[in-house]
1. What is the magnitude of the charge dipole of segment 6-234 about its Cα centre, with +1 placed on the Cβ of each Lys and Arg, -1 on the Cβ of each Asp and Glu, and no other charges, expressed in debye to the nearest 20?
2. Accessible area per residue of segment 237-322 at 1.4 Å probe, in Å²?
3. Would you give the gap between the C-alpha center of segment 260-311 and the C-alpha center of segment 107-176, rounded to a whole Å?
4. Could you point to the residue in Gly71, Ala41, Ser21 farthest towards the positive end of segment 1-80's charge dipole, with +1 and -1 charges on the Cβ of Lys/Arg and Asp/Glu respectively?
5. Would you list which aspartates and glutamates come within 18 Å of Lys15, measuring only between C-alpha atoms, while excluding same-chain residues fewer than 8 positions from it?
6. In terms of solvent-accessible area of protein heavy atoms at a 1.4 angstrom probe, what is the ranking of Arg348, Arg129, highest value first?
7. Under the Karplus relation 6.51 cos²θ - 1.76 cosθ + 1.60, θ = phi - 60°, what is the ordered set of whole-Hz ³J(HN,Hα) values for segment 174-182, x standing for Gly and Pro?
8. Taking the 0 to 90 degree range and rounding to the nearest ten, how far is the long axis of helix 240-260 tilted relative to the main principal axis of the chain, both from C-alpha atoms?
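The values are calculated or read from the model by the stated rules, or taken from the named source; none is laboratory data. Here the structure is a predicted model, which means the values were calculated and not measured. Positions of Cβ are backbone-derived with ideal geometry, glycine not excepted, and every protein chain shown enters the neighbour counts. The protein model used for the area step is the full one, side chains on, heavy atoms only, and it has no ligands, DNA or RNA in it. Shrake-Rupley method; radii C 1.70, N 1.55, O 1.52, S 1.80 Å.
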Amino acid sequence: MTTPDFAIAIMAAGKGTRLKSKRPKVLHEIGGRALLLHVIAAAKTVVSAEHIYCIIGHESDRVRTAVAHTGIQFVLQPEQRGTGHAMQVLKADFELSGASLPKHLLVLSGDVPLIRPETLAAVHDIHLRERAAMTILTAIPENPTGYGRVIRATPDGPYVTAIVEQKSLMPDQLSAPEINSGIYCFETRALFSHLNALDTDNAHGEFYLTDVAAMLVSEGKRVVAVQADSVDEVLGANTIAEMMHLDAAMRLAAAKRLMAEGVTIFRPETCVIDSEVEVGPDTVIEPYVQLLGKTTIGSDSRIRSYSVITNTTIGDNVTVLNGCIFDNSEIANNAILGPYARLRPESRIGEGAHIGNFVETKKTTVGKGSKANHLSYLGDAVIGERVNIGAGTITCNYDGVHKHRTTIGDGVFVGSDSNLVAPVTIGDGAYIAAGSSITEDVPEGALALGRARQVTKPGWVTARKASANERKSC
Ligand code: UD1
Ligand code: CA
């Protein structure tokens with residue numbers, strides 16, 4: 001087996017006590033994606049998945065299941081006794097498996113999710129150039145409280161003497177501005193040779209990985225600090241508030257990217273846009289819109305306020321009026337939807353179709369130019385082209401046990417307040433009279449009426465009132 005130059009370890013075993021949540025910290029989401037998945041995505045830009053070792057412990061099965069699809073390796077840290085202990089467990093795993101050690105180990109934290117591939121590349125380049133035993137990514141945030149501080153040998157030089165955790169800061173170090181990001185590059189053998197010497201004689205009673213810095217220095221090895229270009233990308237997420245700060249930063253970055261590509265977003269700070277969303281130029285996004293998951297929108301479309309659109313593909317020149325909810329659906333060019341339309345999964349809305357207010361669709365295809373403008377439920381239906389679905393039409397698709405299909409041909413006119421009791425097929429060009437309950441197939445070109453005949457009794461009310469008055473006066 002050849003010795004790989006680089007491997008990556010991601011520390012993700014901690015519980016995240018400060019979150020006060022049942023969910024493991026690294027599975028909390030920002031920008032619509034688990035923290036750990038962000039870190040893995042960055043790691044994969046540096047090495048391939050088989051050289052990425054994720055240290056898991058708290059709720060390890062849940063964490064493993066959530067990220068297994070990335071193809072990375074897992075190392076179990078059943079008891080979480082600190083970041084230094086996480087590395088001890090990794091070392092033991094290498095020894096047990098007999099896998100050859102990578103020359104260098106890039107160590108990432110599962111709760112530092114905004115790290116950019118460019119920054120990881122810079123850390124690893126400087127590490128090699130400086131022939132360092134340890135290279136630490138740092139930043140100078142507005143408020144360094146809570147982070148470990150990097151103490152440099154000289155203010156302007158790259159060399160570090162120690163990392164001191166918040167609770168161990170001496171009075172004269174309290175104002176030290178430069179924080180440890182929890183992201184490092186190590187010469188693997190240098191790191192592994194000091195792990196056994198770590199102790200838990202500190203405020204948290206944990207093995208601190210950060211103590212390795214001073215140990216390497218005392219041995220005459222080089223420990224180097226590299227400051228990140230942007231502070232946000234190295235911020236940790238220890239509390240829900242910190243996480244939401246990162247979430248806002250990430251979503252604003254997504255909005256800015258789209259704006260740079262020609263999308264108009266009014267009040268972008270009010271919109272929630274996931275990082276994988278794509279939008280074409282000249283599309284307008286109004287305030288308070290959420291575009292989630294793998295949503296794609298074409299050009300020249302407009303999404304009005306309060307719409308929540310998830311994993312949906314929208315074409316060009318589409319108008320989505322206020323308050324729509326779309327989930328896992330497809331909308332072709334020139335369609336108009338809403339206000340308050342709901343597309344449940346597998347809805348396919350054809351070119352130029354109209355889906356109006358309080359219309360709900362599910363597993364339904366609506367053909368080109370068809371219209372369902374008001375108050376309908378269209379489920380398990382295939383609707384042809386140029387169909388008019390009158391107000392209040394309901395596909396009765398469920399018999400209490402099974403779901404059934406409604407098929408409506410091209411050019412059909414369904415009068416208002418009709419019930420289409422599935423399974424049922426309506427042929428091309430047929431008309432359904434308003435207020436019908438259709439239980440049988442309707443052939444092409446036919447008119448179907450399915451309602452009780454009206455009975456009108458002239459003068460009935462007047463006569464009834466007169467007889468009631470007579471009875472009262474007796
Ligand atoms: C750590 C650093 C601190 C740095 C900060 C940056 C130490 C001792 N301190 O502090 O200098 O400023 O990160 O964000 O390293 N983990 C494990 N196993 C464990 C303990 C933790 O895998 O036994 C994982 C956690 O899941 C987390 C990461 O390691 O993803 C960091 O642990 P955390 O407890 O958050 O460390 P901090 O207190 O933030
Ligand atoms: Ca942390």
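1. Numbers: 22 positive and 25 negative charges, 95 e Å.
The calculated dipole for segment 6-234 is roughly 460 debye.
2. On a per-residue basis, 43 Å².
3. The distance from the Cα centre of segment 260-311 to that of segment 107-176 comes to 37 Å.
4. Sorting the options by dipole projection puts first Ser21.
5. Of all the aspartates and glutamates, those that pass the test against Lys15 - Cα under 18 Å, at least 8 places apart if same chain - are Glu29, Glu59, Asp61, Glu79, Asp111, Glu206, Glu242.
6. Working: Arg348 100, Arg129 175 Å².
Largest to smallest exposure gives the sequence Arg129, Arg348.
7. Computed from phi, the couplings for segment 174-182 are 4, 9, 4, x, 8, 9, 7, 7, x Hz.
8. Tilt of helix 240-260: around 70 degrees.
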